[in-house]
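Peer 1: Have a look at this one before I ask anything.
The values are calculated or read from the model by the stated rules, or taken from the named source; none is laboratory data. The structure presented is a predicted model; accordingly, all values stated were derived computationally and were not measured. When we count neighbours, we look across all protein chains shown, and the Cβ atoms used for this are built from the backbone with ideal geometry, even at glycine. Protein only, heavy atoms only, side chains kept; ligands, DNA and RNA dropped before computing areas. Shrake-Rupley method; radii C 1.70, N 1.55, O 1.52, S 1.80 Å.
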Amino acid sequence: MIKKNIKIVSLEIIGMTCSGCAKSIEKNVSQLRGVIQNNVDYKKGEGNFSFDETLISKENIIQEIEKTGHYKVKNKLNSNHFDLIIIGGGSAAFSAAIKAESIGLSTLMINGGLNFGGTCVNVGCVPSKNLIRAAETAYHATHSNFKGIQPKGVEIDFKQVIRDKKQLVATLQQKKYLDVVSGFENFTMLEGWAKFRDNKTILVNEKDYYTAKKFIIATGSTTNIPTIEGLNDIDYLTNVTLFDLEEKPKSLTIMGAGYIALEIAMAYNRLGVKIRIIEFTDRPLRSETKDITDVLETQLKNEGIEIYPNYRALKFENKGAKISIHCKCPDGSIALFEEPGRILIAIGIKPNTFKLGLENTSLNLDKSGHIIVNSMMETNLSNIYAAGDVINTPSFVYTAATEGSTAVTNAFTEENRTVDYSSLPWVVFTDPQIAGAGLDEITAEKRGIPFEVSKIQLKDIPRAIVANDTRGFIKLIRNIKTDKLIGARVIAPEGGELIQQLSMAIKYGITVKELAENFYPYLTLSEGVKLAAITFGKDISKLSCCTS
């Protein structure tokens, strides 16, 4: 259990002669109500203690140590100085803490806002993917790709679905985060808000000062709330609040059409919520090429989701039982939408750098507020590193974890470890899924790379044919001069399962010829990679199923 009134002290203890003495003190102190962690080192002659100051005091701990008469507490050491202070409590922060413990650093983690575990486990990856799978189950209970199989329908207990999701989140937060660090000897967790007073000092909860040799800022990101008239007067939702609603909304208007918005739209629509998407650009998932978004948009519309591209919200009005949304249309006219349910804001994220007191430091930020780092996670200040969504790198839980560990490694060792994103795989968990690694053709052209594109439709892939589900395609981009794969895009049911092998091919310089000549199990989707590679030099429609 993480306490809000944690106090941390270090005490110099005289009289210890062996490790048994230290263990005895630890055992006695641990029995005191309110003590959270304690670590006694007889060689150093000191003990480090963290405790809930509403339940116990430093003096109580000293009395417990001295009560046998064998030991004496000489004086209080500097209890607020650590080798490393991590600000944040998500994936990057915990990865940094794990690395720090492995090399024996005294570490303080300070977390405010979301619960320990951060966005992914609490309000991001875990709850969203759980609800997506639940929604897929409901969808397949009412839709079949085979004429001879007629689904009987589905009964959805929405409240139970959300309660199960909450239990999953609580379980994973405990097992994958809190339990992992519970036995760390040199690690302390503190709940509160940290602000820099200068480059080397932070103030926590406006009362306690802490210093460290090095800092890692891993405060993550939050939903970017646009400045639109009337928005603050309505009870809008974000992913933080939406996923905990046990009462199913009548309907949902989603502002935005990025990957977060689209995953939520498809999941909640399949769970029985009427969905409308209002997007200010010309199409959903604008960051991807149009051939991909055309497939996805067709599926969204086929499932009854309304999409309004090139519509810009100008004003929100609370009309009692309904919310009025005034939008500027593509032709310049004004449209009025009435929403009887809820409004979800999902236009993107912004870094959590606005409450850190960074104005008291000389730390460099970019125009969007991200902390600028190099490939070693170094900032412009030698004692401050940063990792995760708060920095100017791709925002994924797995990149954040790598960045957190890298930051600690470079702050305290001479390894000079770097992070390379050139083959980074990613997935959007819509249906069909969208996945990518490396460059797309637009980026390759901008960089002046000589490239060629091969695209095979799922209607030409045996696995998709026998499954009667031919939505999507596999697209490969190769360097014409070297024949090496430089990029891949997939849109297909469960297409995300393909992207790791393509990422590895890009990372290790595998050629398209090698991809084409490899063995692939027949009637797997991965066979589509082979066929796409062959298509660079042959017409796939004229080849047998057993072609090589």
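Peer 1: If each of SER30 and LYS152 carries a label point 7 Å out from its Cα toward its Cβ, how far apart are those two points in nm?
Peer 2: If labels sit at SER30 and LYS152, their model points lie 5.4 nm apart.
Peer 1: Starting from the stretch 206-235, pick out the trypsin sites (Lys or Arg not before Pro) whose DSSP state is loop and whose Cβ has at most 13 other Cβ atoms within 10 Å.
Peer 2: On the way: sites: LYS207, LYS213, LYS214; in loops: LYS207.
Counting only loop positions with at most 13 other Cβ atoms within 10 Å, the trypsin sites (Lys or Arg not before Pro) in the stretch 206-235 are LYS207.
Peer 1: Further question on the same structure: FRET efficiency for ASN60 and CYS18, Cβ-Cβ distance as r, R0 = 30 Å, nearest 0.05?
Peer 2: With a Förster radius of 30 Å, E is 0.75.
Peer 1: Still on this structure: Compute the FRET efficiency between GLN160 and TYR209 as 1/(1 + (r/R0)^6), taking r as their Cβ-Cβ distance and R0 = 41 Å, and round to the nearest 0.05.
Peer 2: 0.30
Peer 1: Next question, about the same structure. Pairs of alpha-carbon atoms within less than 8 angstrom and 6+ residues apart define the contacts here; what relative contact order does the stretch 4-91 have, in percent?
Peer 2: 39 percent.
Peer 1: Rounded to the nearest 0.05, what FRET efficiency is calculated for ILE480 and LYS367 with R0 set to 30 Å and r the Cβ-Cβ distance?
Peer 2: That gives a FRET efficiency of 0.25.
Peer 1: Could you work out how far the C-alpha centroid of the stretch 111-128 sits from that of the stretch 357-403, in angstrom?
Peer 2: 19 Å
Peer 1: Relative contact order (percent) for the stretch 163-304, with alpha-carbon contacts under 8 angstrom and 6 or more residues of separation?
Peer 2: This gives 13 percent for the stretch 163-304.
Peer 1: Between the stretch 161-211 and the stretch 476-525, how far is it from one alpha carbon centroid to the other, in angstrom?
Peer 2: Cα centres, the stretch 161-211 to the stretch 476-525: 40 Å.
Peer 1: Let me ask something else about it. Looking at the stretch 291-326, which GluC sites (Glu not before Pro) are in a loop (DSSP not H, G, I, E or B) and have at most 15 other Cβ atoms within 10 Å?
Peer 2: When the GluC sites (Glu not before Pro) of the stretch 291-326 are filtered for loop state and at most 15 Cβ neighbours within 10 Å, GLU303 remain.
Peer 1: Continuing with this model, one more query. Skipping prolines and chain starts, which residues have an amide H placed within reach, meaning under 5 Å, of the one on GLY487, given they are 5 or more residues away or on another chain?
Peer 2: Amide H neighbours of GLY487: LEU439, ILE477.
Peer 1: In debye, nearest 20, what is the charge dipole magnitude of the chain about its Cα centre with +1 on Lys and Arg Cβ and -1 on Asp and Glu Cβ, if you could check?
Peer 2: The dipole magnitude comes to about 300 debye.
Peer 1: What's the center-to-center distance, using Cα atoms, between the stretch 295-338 and the stretch 36-108 in Å?
Peer 2: Result: 55 Å between the Cα centres.
Peer 1: So, one more: Tally up the carbon and sulfur contribution to the accessible surface of the chain as a whole percent, 1.4 Å probe, everything protein left in place. Please report the intermediate quantities before stating the final value.
Peer 2: Details: 12800 of 25710 Å².
Summing carbon and sulfur atoms, their accessible area is 50 percent of the total for the chain.
Peer 1: Loop-only trypsin sites (Lys or Arg not before Pro) in the stretch 289-325, please: DSSP not H, G, I, E or B, and at most 15 other Cβ atoms within 10 Å.
Peer 2: Listed in order of number, the matching sites amount to none.
Peer 1: Can you give the calculated 222 nm mean residue ellipticity of the chain, where each DSSP H run of n ≥ 4 adds -39,500 (n - 2.57) and the sum is split over every residue, rounded to the nearest 500 deg cm²/dmol? Before the final figure, lay out the partial values.
Peer 2: Working: 15 runs with 150 residues, N = 548.
The per-residue figure over the chain is -8000 deg cm²/dmol.
Peer 1: Run the quick spin-label model on ASP198 and TYR508: label points 7 Å from Cα toward the beta carbon, then report their separation in nm to one decimal.
Peer 2: 5.1 nm
Peer 1: Further question on the same structure: By how many nm would the segment from GLU517 to THR413 lengthen if fully extended, with 0.36 nm per residue of separation less the alpha-carbon distance?
Peer 2: 33.2 nm
Peer 1: I would also like to ask the following. Could you tell me how many degrees, from 0 to 90 and to the nearest 10, lie between the Cα long axis of helix 397-412 and the main elongation axis, the longest principal axis, of the Cα atoms of the chain?
Peer 2: 40 degrees
Peer 1: Quick one: helix 19-30 against the long Cα principal axis of the chain, what's the angle to the nearest 10°, folded into 0 to 90?
Peer 2: Tilt relative to the chain: about 70 degrees.
Peer 1: Roughly what would the spin-label model give for GLU359 and THR524, points 7 Å off Cα along C-beta, in nm?
Peer 2: So the two model labels end up 5.7 nm from each other.
Peer 1: Before I look further, what does the chain give for accessible area per residue, probe 1.4 Å, in whole square angstrom?
Peer 2: On a per-residue basis, the chain sits at 47 Å².
Peer 1: Evaluate the relative contact order of the chain (contact order divided by residue number), counting alpha-carbon pairs under 8 angstrom at least 6 apart; express in whole percent.
Peer 2: 12 percent
Peer 1: To the nearest 10 degrees, how steeply does helix 290-302 sit against the main Cα axis of the chain, on a 0 to 90 scale?
Peer 2: So the inclination is approximately 90 degrees.
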